[in-house]
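Enquirer: Handing you a structure now.
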Amino acid sequence: MRVLHDVLRTTPPRATIALAVVAAVLLALAAFVSAPSAAPRCAPVGLPAHLDRTPLPSSDPVGITVGSIDACSSLLPVGVDAQKRIEVPSVHTPEQAGWYRLGPTPGELGPAVVVGHINGDGRDGVFADLDDVERGDRIAVGRRDGRTAFFTVTNVVQVDKDAFPTTAVYGDTRDAQLRLITCGGALDRSARRYDDNVILFASYDGWSNSS
């Protein structure tokens with residue numbers, strides 16, 4: 001106790017006050033300094049060099065970027081399962097998107113379809129924020145022929161899986177279209193599935209040569 005008393009007595013009162021003021025100022029500044037936002041991990045989606053909506057020849061897609069939600073992935077081909085439902089990439093790789101290989105390719109006449117998870121293995125999926133995309137947002141799809149096809153979002157809807165709009169998603173169209181599909185709504189833990197689907201509709205704008 002004697003040692004403590006001596007230390008306190010030998011501390012200059014004015015210095016103590018000054019240190020307290022400095023500490024308070026530093027704390028106040030820290031409260032107003034926001035943490036830096038995470039840098040985008042995906043390349044930005046620009047405008048097509050060729051603003052031509054004439055559909056492109058068939059060519060397998062190799063990658064997709066949804067600029068407004070900073071979502072990007074390579075694309076794996078998927079088909080249908082034994083129940084005639086569209087397949088999806090493994091839930092253990094939720095960042096991976098897949099394209100429906102039994103339909104048109106992106107930029108080709110008709111509705112090209114890309115699917116991805118909302119989450120998996122405790123991580124966000126590639127389309128975790130798909131319901132945040134708005135009309136007018138842009139999407140780029142790289143193709144094996146060296147072209148990048150560009151699309152503009154026309155609508156985003158959330159629908160019950162038991163009322164999936166099959167014709168609107170997979171039906172024939174007069175131009176090149178794109179659909180992105182993921183899960184949404186409430187999670188039914190007993191059935192281990194989400195109740196709804198989030199579906200994005202986009203129209204083809206043109207293309208650029210991939211750099």
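Values quoted throughout were computed directly from the atomic coordinates according to the rules given, and no laboratory measurement underlies them. Nothing here was measured: the structure is a model prediction, and the numbers come from that model. Cβ atoms come from the backbone with ideal geometry, glycine included; neighbour counts cover every protein chain shown.
Enquirer: What nm value, rounded to one decimal, do you get for the distance between R101 and E134 when each label is placed 7 Å out toward the C-beta?
Expert: 3.8
Enquirer: If you don't mind, there's one more thing I want to ask. How far apart, in nm, are the 7 Å Cα→Cβ label points at S190 and S74?
Expert: About 4.1 nm, to one decimal.
Enquirer: While we're here: Search the structure for amide H atoms under 5 Å from the amide H of Q96, placed 1.01 Å from N in the peptide plane, and list their residues when 5 or more places away or on another chain.
Expert: V126
Enquirer: So if I average 1/r over every pair of distinct C-alpha atoms in the range 54-173 and take the inverse, what Kirkwood radius in Å does that give?
Expert: 14.9
Enquirer: Going by average Cβ density within 10 Å per residue, which order do the peptides 46-56, 122-132 take, highest to lowest?
Expert: Descending mean neighbour count gives 122-132, 46-56.
Enquirer: Shifting gears a bit: With θ set to phi - 60° and the Karplus curve 6.51 cos²θ - 1.76 cosθ + 1.60, what are the ³J(HN,Hα) couplings of the range 41-51 in order, to the nearest whole Hz, using x for Gly and Pro?
Expert: Taking θ as phi minus 60°, the curve returns 9, 10, 5, x, 9, x, 9, x, 5, 10, 7 Hz for the range 41-51.
Enquirer: Length gain on complete extension for the stretch V91 to V157, per 0.36 nm per residue less the alpha carbon to alpha carbon distance?
Expert: 21.5 nm
Enquirer: Can you give me the long-range amide H partners of Y194? Hydrogens built in the peptide plane at 1.01 Å from N, cutoff under 5 Å, separation of 5 or more residues or another chain.
Expert: The answer is D188.
Enquirer: How high is the FRET efficiency from L51 to R144, r the C-beta distance, R0 25 Å, rounded to 0.05?
Expert: Efficiency computed from Cβ-Cβ geometry: 0.65.
Enquirer: Still on this model: What distance in nm separates the simple spin-label points at S208 and A38, each placed 7 Å from Cα in the Cβ direction?
Expert: Reported label-point gap for S208 and A38 is 2.5 nm.
Enquirer: Further question on the same structure: Take the alpha carbon gyration tensor of the range 152-211, find the square roots of its eigenvalues, order them as a ≥ b ≥ c, and report rounded if a/c is under 1.5; if not, report prolate when a/b exceeds b/c, else oblate.
Expert: prolate
Enquirer: A follow-up question, please. Take the alpha carbon atoms of the range 45-117, find their radius of gyration, then divide it by 2.2 N^0.38 Å using N residues; give the quotient.
Expert: The reported ratio for this selection is 1.19.
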